[in-house]
1. Just the residues that are in a helix (DSSP H, G or I) and within 26 Å of Leu291 (Cβ to Cβ), please, taken from the stretch 487-500.
2. Report the residue count in the stretch 405-428 for those that are touching a residue at least 60 places away in the same chain (Cβ under 8 Å) and either more than 20 Å from Leu338 (Cβ to Cβ) or of a type outside the set (Gly, Ala, Ser) (or both).
3. Is at least one residue of the stretch 343-359 acidic (Asp, Glu) and either farther than 25 Å from Lys146 by Cα or touching a His at 6+ places or on another chain (Cβ under 8 Å) (or both)?
4. How many residues are within 25 Å of Leu338 (Cβ to Cβ), out of contact with any helix residue (DSSP H, G or I) (no Cβ under 6 Å at 6 or more places or on another chain) and basic (Lys, Arg) if we restrict to the stretch 429-469?
5. Inspect all residues belonging to the stretch 278-288 and state whether any of them is of a type in the set (Lys, Arg), outside any loop (DSSP other than H, G, I, E, B) and in the same structural domain as Ala422 (by TED's automatic domain parsing).
6. Asp42 versus (1) crowded, with 19+ Cβ neighbours inside 10 Å; (2) at pLDDT below 80: which is the lone unmet condition?
7. Looking at (1) touching a residue at least 60 places away in the same chain (Cβ under 8 Å); (2) closer than 28 Å to Leu382 by Cβ, can you tell me which one Ile491 breaks?
8. If you check every pair at least six apart or on different chains, which have Cβ atoms under 7 Å apart with a residue in the stretch 379-391 that is under 12 Å from Thr417 (Cα atoms) first and a residue that is outside any helix (DSSP H, G or I) and hydrophobic (A, V, I, L, M, F, W, C) second?
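The values are calculated or read from the model by the stated rules, or taken from the named source; none is laboratory data. Computed from a prediction, not measured in an experiment: that's the story for all the values here. Here the Cβ positions follow ideal geometry from the backbone for every residue, glycine too, while neighbour counts run over all protein chains shown.
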Amino acid sequence: MRRMSWRNVAVTVPILVLWLVMTAILLKREVFVRRVPLPAADLAQQSEVVRPVDSWMGIYFSDGTKIGYTHTLVHPRPERAGGGYRARNVTVISMSLLGHPAEIRAALDWTLDGGGKVEDLTFTMDSSDSLFAAHGTVQDDMLLLKVSTGETEFTRELPLADNFFMSSTLSPLMTVPDIEEGVEYTVEMLDPVALTSRKATLKAGAMERLDLSGEKVDARRVEVDFSGFTTQVWVAEDGEIVKVETPVGLAMVRESAEQAVRGIATGERLPDIASAAAVPAGKMIERPADLDRMVVRFDGVDLESFPVWGSSQRIIDSEKRTVELKKAVPDLESVPDLPVSDVTLAKFLEPSAFVQSDDPRIAEMAREIVGEETNSWLAARLLADWVDTEIENEVVASVPSAVDVLRTRQGDCNEHTVLYVALARAVGLPAKTNVGLVYKDGFFYYHAWPEVHVGKWVRIDPTFGQEIADVTHIKLTEGELYRWTDILPTIRKLKLEIIEVHSAASE
C-alpha cells in the first residue's frame, strides 16, 4: 500500500472553509430579524421598509491576506410576478491546501414573497474539481430539495419550523432598529452544505465605533452561536452588515465593489489554510504506524461534548483531560461472515444520500472486489487495498458522493472514505465515517477515515494505505461525512499534547 503523503492530510478543510464563509453570509443577514416569535402582521409591516441592496465585502485570512469576496444583490420583484424580492449572493474564495491551490465559487439565490417568506432557493458550489447544486421550493411547511453532485441526483424533504428562514437577504430587508443590548433570539436556519436545519442563537451587544478603511462607522456587535461555533457580527444603525469575524481567523469587511474584487492573493501568496488549522502535537513521533498506544492531553474544548469514547479511545483522567488511544485489532477467531446480520448494526448497512450503497454500480464493483470472500475482516482488507490502489490521491474541494468518486477515481480523504463506506455496506459489512485528527510531522491535521464492524469496531484508513489505522487517528465525531460540522468549535481552539507513546515493536 502507498505511504502517507502531505497531499492526503487536512483535506476536510476545503469544505470547512466554505461552510464557515457561507454560514457567515447567512448569519450576517439575519441578525436583527425579530422572528421569535414574529406574527405575520409584524412581518408584513416590516416588509414595507424593504429597500434594494447591493452589498460587497472582502474576505480576509487571519494574517491579513485577502482570499476572496462576497456580493449580495437584492431587488424588488414586479407585482405581476407575485411581488416580493429576488436576491443573489456570490462568494469567491481562493486558498492553498498544503501547496495545492483551489478556488471555490458559491452562489445563493432566493425568492421572497410579499411577506418576506422564502418561496424557492438555489445553492451551487463550483470548483475546478466538481459542482454541487441544491434547488429547493417551499410547499406548506416543507422545503423540497433536489440535489445534484456530478452524476448523482437525489431529493430531500425538510420540515420548516415557525421561525425558520434561509435567505441571506432578510436582515437588510427587515431590520429592527430598536433592538436592545443583551436581547437574545433563537432561529432555525438551513445549513446549505449538510442540508440540515440547525438552531442559531443571536445575542445583541453594545454599539462600537469601527474604522473601516479610514471611515468611522458606529455598529452594534452581535454574537451569533451556530452549532457551538460563535461568530461576531457588526451591524450599522441602518441595518447594513459592515464586519464579520469567525473564531477560525476568517473575516469579512464591507468594501466598495472596486475594493472587494481587488487585491485577492494568487499563487505563492495564497495562505495555506490546512497548515493554519493544524494543531501542534508538542512532541515528534518518528514512526507513528508502529505505535499501539498513545496518551494525549486535550485542552480548549469540553471532552464530554464528543460522544466517541470506547475501548480504543477513552478518557483516562477527566481532571487532567487525558485520553488514551489503542490500536483496535480484530479477533480473528470471532470475525463474522458476510453479510453481517446483527440488527443493532442495521443503520450502518443502509444507503444514504452520499453513500449510495444500493446503487448498481457500487454493488457491482463491491462484489467484484470481494469476490467469493465471506470473512468480513478479509473482505474489509480487500476493499481497503482496492480503494487505496485505484483512487488517485488528489486534493478536491467538493461535497463527495460515492457514485461520483467511483467514476472520477480521484480525491482526498473525504472521497476515499465515502466510497469505502458505500462499498463496504454494499456487501453487508457495517461501516461508518470518522472525522477528527491525524498526526503528521509534529502536528495533528483534520482528517476523515472509515471504521468497520468485524465483531468489533476497527478503524481503517485507505487514504493512507493503512489496513488498521494507526493510533494517532483521534476521532471527534462519527456517522456520515456531513458530521464534520460537529468539529467546527474545535478549530483553532483545541490544543493537544502527546504525553506518552508506546510501540510493541520496540520491546
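1. Residues satisfying the conditions are Ile487, Thr490.
2. 11
3. As a first pass, look at the stretch 343-359 and keep what is acidic (Asp, Glu): 350, 358-359.
Adding the requirement that they be either farther than 25 Å from Lys146 by Cα or touching a His at 6+ places or on another chain (Cβ under 8 Å) (or both) leaves none.
Within the stretch 343-359, none of the residues are acidic (Asp, Glu) and either farther than 25 Å from Lys146 by Cα or touching a His at 6+ places or on another chain (Cβ under 8 Å) (or both).
4. Residues in the stretch 429-469 being within 25 Å of Leu338 (Cβ to Cβ), out of contact with any helix residue (DSSP H, G or I) (no Cβ under 6 Å at 6 or more places or on another chain) and basic (Lys, Arg): 2 in total.
5. If we filter the stretch 278-288 for residues that are of a type in the set (Lys, Arg), which is where we start, we get 283, 287.
Going one step further and asking which of them are outside any loop (DSSP other than H, G, I, E, B), we end up with none.
There is no residue in the stretch 278-288 that is of a type in the set (Lys, Arg), outside any loop (DSSP other than H, G, I, E, B) and in the same structural domain as Ala422 (by TED's automatic domain parsing).
6. Result: Asp42 passes all but (1).
7. The single condition Ile491 does not satisfy is (2).
8. Filtered contacts from the stretch 379-391: Ala384/Ile460; Asp388/Met1.
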